[in-house]
1. Scan the range A:534-548 for residues that are touching a strand residue (DSSP E or B) at 6+ places or on another chain (Cβ under 8 Å) and either polar (S, T, N, Q) or assigned to a loop (DSSP other than H, G, I, E, B) (or both) and jot them down.
2. Restricting the range B:224-242 to residues that are without any contact (Cβ under 8 Å) to a residue 40 or more places away in the chain and either more than 12 Å from every other protein chain (Cβ to nearest Cβ) or among the acidic types (Asp, Glu) (or both), which is surrounded by the most Cβ atoms within 10 Å (Cβ to Cβ)?
3. What residue, among those in the range A:32-76 that are under 30 Å from A:Val131 (Cα atoms) and among the β-branched types (Val, Ile, Thr), is surrounded by the fewest Cβ atoms within 10 Å (Cβ to Cβ)?
4. Could you check B:Asp117 against (1) within 11 Å of chain A (Cβ to nearest Cβ); (2) in contact (Cβ under 8 Å) with a residue 40 or more places away in the chain and say which number it fails?
5. In the set B:Ala246, B:Ala156, which member is away from chain A (no Cβ under 13 Å) and under 30 Å from A:Ala25 (Cβ atoms)?
6. Inside the range A:293-319, can you point out the residues that are in contact (Cβ under 8 Å) with a residue 40 or more places away in the chain and surrounded by fewer than 20 Cβ atoms within 10 Å (Cβ to Cβ)?
7. Go through the range B:108-223 and tell me which helices (runs of 4 or more DSSP H), entirely inside it, have 1 or more residues that are surrounded by 15 or more Cβ atoms within 10 Å (Cβ to Cβ) and over 31 Å from the mean Cα position of the chain (by Cα).
8. Those residues that are under 19 Å from B:Arg98 (Cα atoms) and either facing chain B (nearest Cβ under 10 Å) or surrounded by 20 or more Cβ atoms within 10 Å (Cβ to Cβ) (or both), I need them from the range A:123-141; list them, please.
Amino acid sequence: MRKSWIAFATGSVLALAACNSEPEATPEQAGNGEDTIELAEFPDRPYWGDTHLHTDNSVDAFGFGVRLGPEDALRFARGETVTATTGSEAKLSRPLDFLVIADHSDALGATRRLYDAPRWYVDWVINDPTVLRWYDMMHESPEQSTLAIAELITAAADGTVPEALADPEKAQEGTEDIWTTHLGLIDRYNEPGVFTALGGFEWTAMPDGNNLHRVVMFRDGSARTLEVLPFPGINSTVEQLWDYMDAYRTATGGEVLAIPHNSNLSNGLMFEMTLADGSPMTAEYAARRAANEPVVEVTQIKGDSETHPFLSPNDEMAGFGVKGWELGNLPLTHRATPDMYAGSYVRSALLRGLSLEAQLGVNPYAFGMVGSTDSHTALATGDEDNFYGKHTGNEPSYKDRANHSQNLGTREGRFGWHYLAGGYAAAWARGNTRAEIFDAFKRREVYATTGPRMTVRVFGGFDFTAQDWDGDWVRAGYTRGVPMGGELQESGNAPSFLISALKDPDGANLDRVQVVKGWLDASGEAQERVYDVVWSDMDSRARSGGSVPAVGDTVNREDATYTNTIGAAELRTTWIDPDYTPGSSAFYYVRVLEIPTPRWTLFDAVRFGITLSEDAMADAVAQERAYTSPIWLKTKPAG
Amino acid sequence: MTLPGWTREPLVHFLVAGAALYIALTWGGTPVDPASRVIDVGAEEQAQIALTFERTMGRAPTDAELDAAIDRYVRDEVLYREALRLGLDQGDAVVRQRMVSKMDMSAGLAAEAADPDEATLRAYFDANASRYSGGSVVTFEQAFFESQLAARSARASGAVSGEAISLPASLIDVPEREVQSRFGEQFSRELAALQPDDGWQGPVQSGFGWHLVKLKDRTALPGDFEAVRDRVQNDWRTDEMAARKARAFEILRSAYRVEIDR
């Protein structure tokens with residue numbers, strides 16, 4: 001009796017409201033943005049975005065406690081104020097230009113549905129002791145809820161998710177509803193020329209706990225994306241994901257790409273020299289991988305995957321964001337050993353790509369780089385002084401979050417301070433539309449930063465000189481060379497590069513600009529070398545013993561401040577490869593380092609009066625950085 | 001379907017819902033009385049149990065399943081009432097918070113699904129004109145100097161060429177938000193304070209250094225309702241939900257006398 005009356009009461013409210021139709025986006029908003037705005041002749045500025053954000057539709061994010069959904073996420077990214085789950089008002093100091101909400105395709109919305117279900121239903125209908133225990137934990141307290149989700153992640157990694165939660169039919173029903181609503185919502189927030197909301201999801205394959213996750217990102221609006229559902233990751237292979245993407249292209253005429261991330265947690269499986277079953281890599285696999293995955297996410301909250309000191313012993317700046325994450329796979333069910341690192345980090349993957357190309361004629365690992373957050377709070381925060389945490393369980397209201405064990409409560413070895421504040425993606429585009437942003441990713445004219453918005457430009461060619469800076473060097477770059485992400489065909493001359501790095505206008509000065517070169521030597525061995533090509537105060541910081549002296553450190557540990565009294569506002573140079581050898585294929589990417597600045601942990605310590613652990617304090621200051629997509633020097637026409 | 005205007009009034013929705021709840025709880029509501037030891041699983045309750053089953057499983061329950069579901073319902077109801085009798089709902093922060101948020105959500109529900117009419121949106125647009133004014137676009141030239149002194153003497157000498165930096169020397173009709181994105185917050189703020197003039201102004205400081213600026217034009221863009229219609233609607237919905245929650249709360253709150261010892 002009581003229930004039906006309440007149902008009636010609620011129903012009457014809804015019935016009155018439902019007399020009007022659902023709001024709809026304009027055709028310009030709902031499409032891919034072609035022909036909606038005037039475009040620049042060349043990409044004229046980087047557009048800033050996050051391609052990897054979770055909301056309460058993600059099975060783990062909800063369990064970790066987030067109660068903000070996609071609409072809050074979109075509003076926040078656009079620069080508006082929203083109230084975070086733990087109650088504080090949150091706002092970005094500067095809005096983002098684009099956003100991909102990438103909720104996990106597996107069990108989309110499932111924890112929210114489970115949580116909202118009556119207990120008798122969970123107990124009797126679902127009738128699974130594990131699910132019931134998780135249900136009770138989720139309702140008991142935020143801490144217990146986080147533990148429940150940690151168990152769920154481990155179960156997903158081990159392939160032991162209870163049947164009741166993994167039931168594909170039920171999951172599909174829930175997914176359909178959420179996907180339809182979601183695509184309508186992002187169309188409404190997509191505003192060509194102002195803010196781009198791209199459709200996407202996260203494909204969360206995790207064989208044995210080893211992270212093979214990809215963010216899948218669509219170029220199109222709901223007219224096309226409604227034709228498909230997010231593709232489940234559990235128990236599927238990456239080849240099946242590519243089949244799904246091919247089917248989408250064929251059925252709709254649209255475009256889609258996939259962005260691997262957290263290779264650092266893959267225990268060597270993300271960038272293998274062989275196929276997954278250990279058999280030799282094939283040209284077919286390599287070609288499909290290159291076509292579907294033009295970009296990887298190199299840096300995010302769960303660490304940085306550029307390189308590991310073990311792989312790059314001569315790179316004194318290697319090792320940023322490696323601590324904690326290097327220990328093993330995502331749930332730390334398997335420890336990593338150094339022989340796995342080459343398959344887990346991006347620089348070594350780029351090198352493996354050269355080797356594989358020499359064997360197969362196709363480079364499977366010819367990708368560009370972006371950063372993103374992977375935030376599970378629906379808040380795309382990338383700045384150190386405004387870090388809302390990996391998930392709701394370590395939002396700033398948990399004041400000593402930096403010192404906490406943050407391995408989801410299950411294992412030893414990872415702490416709050418190991419989290420980075422997250423990165424952002426920069427896309428060189430002619431305008432801010434879905435098509436322009438997507439196409440920049442497709443042609444790899446994108447770069448990664450660990451959060452700051454420095455403007456980095458690179459052109460590669462064969463005849464660039466210092467005089468080019470005096471004229472319209474951007475036009476020169478595009479007409480006489482290729483931008484980041486491009487390919488040069490060997491000409492017999494050493495390649496030359498126009499490299500420009502401008503500091504974040506509201507951030508820290510720059511320490512130095514480096515070129516990271518990888519190549520195959522005469523015997524076919526992959527080699528790498530890092531060149532300091534331009535740095536601040538070059539007169540007073542002369543190279544000694546082959547290396548550039550450290551820029552200094554102005555960070556005050558007592559109040560988490562720094563000054564721009566060291567470093568430079570802009571660093572630019574024309575660089576010609578001094579070690580060019582004809583006949584050797586190579587890649588060149590640029591790494592830009594800021595002067596040392598406080599990490600989020602130091603801001604926390606000062607704001608909340610927390611004493612950081614000794615290890616955390618030792619890591620409380622860092623040099624944030626940008627990684628550009630490489631330019632490849634190819635020795636023969638692309639296969 | 002056309003309804004009289006008052007039916008769209010959120011306050012009416014709230015009152016209707018509130019009245020229905022009140023009726024349900026006072027007249028129809030013996031089952032919630034923790035003192036009652038009668039559990040009446042009538043046709044209506046059974047239909048509700050069957051419906052819940054059907055919604056989640058996508059099919060009607062078999063007789064055995066329904067019986068089991070009823071048993072389960074009875075078990076829950078017994079335990080629920082005993083829990084109330086023991087006062088287990090008291091002092092439980094989770095229960096309390098969940099009931100609070102349910103109450104709060106119910107007031108915002110209608111706004112979430114509503115599609116406001118044109119007049120409502122236009123009124124909202126007008127009331128928040130500054131949010132939707134297309135902002136301004138500016139046309140200016142800038143010359144960069146690392147030091148303030150160099151900038152000042154360049155301006156005094158009249159020969160302004162500036163030093164090398166990878167920033168555009170001339171920008172035409174760019175939105176102010178783009179100026180902020182490329183030149184930073186301080187520059188953008190100081191530029192906004194300048195008036196268009198044929199001569200060099202400044203120096204204006206940015207995160208890069210100092211700039212002499214020739215501000216040629218600033219045009220305020222009129223707000224275009226059609227262009228931002230969806231944004232207006234999104235914002236209206238967010239505001240409306242907050243407002244309905246606040247109004248609903250006010251009504252409930254007015255029935256309480258709160259005494260706070262100071």
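The values are calculated or read from the model by the stated rules, or taken from the named source; none is laboratory data. Every value quoted in this text rests on a predicted model; they were computed, and no experiment measured them. Reconstructed Cβ throughout: ideal geometry from the backbone, glycine too, with neighbour counts over all protein chains shown.
1. In the first step, residues of the range A:534-548 are kept if they are touching a strand residue (DSSP E or B) at 6+ places or on another chain (Cβ under 8 Å); the result is A:534-537, A:541, A:543, A:547-548.
A:Ser536, A:Asp537, A:Arg541, A:Arg543, A:Ser547, A:Val548 - these are the residues of the range A:534-548 that are touching a strand residue (DSSP E or B) at 6+ places or on another chain (Cβ under 8 Å) and either polar (S, T, N, Q) or assigned to a loop (DSSP other than H, G, I, E, B) (or both).
2. Top of the filtered list is B:Asp230.
3. Only one residue tops the list, namely A:Thr55.
4. (2)
5. Numbers: B:Ala156 fails: under 30 Å from A:Ala25 (Cβ atoms).
Answer to the selection: B:Ala246.
6. Correct list: A:Asn314, A:Asp315, A:Glu316, A:Met317.
7. Because the criterion is at least 1 residues that are surrounded by 15 or more Cβ atoms within 10 Å (Cβ to Cβ) and over 31 Å from the mean Cα position of the chain (by Cα), the helices (runs of 4 or more DSSP H) in the range B:108-223 that meet it are B:148-157, B:185-192.
8. Result: A:Trp134, A:Tyr135, A:Met138, A:His139, A:Glu140, A:Ser141.
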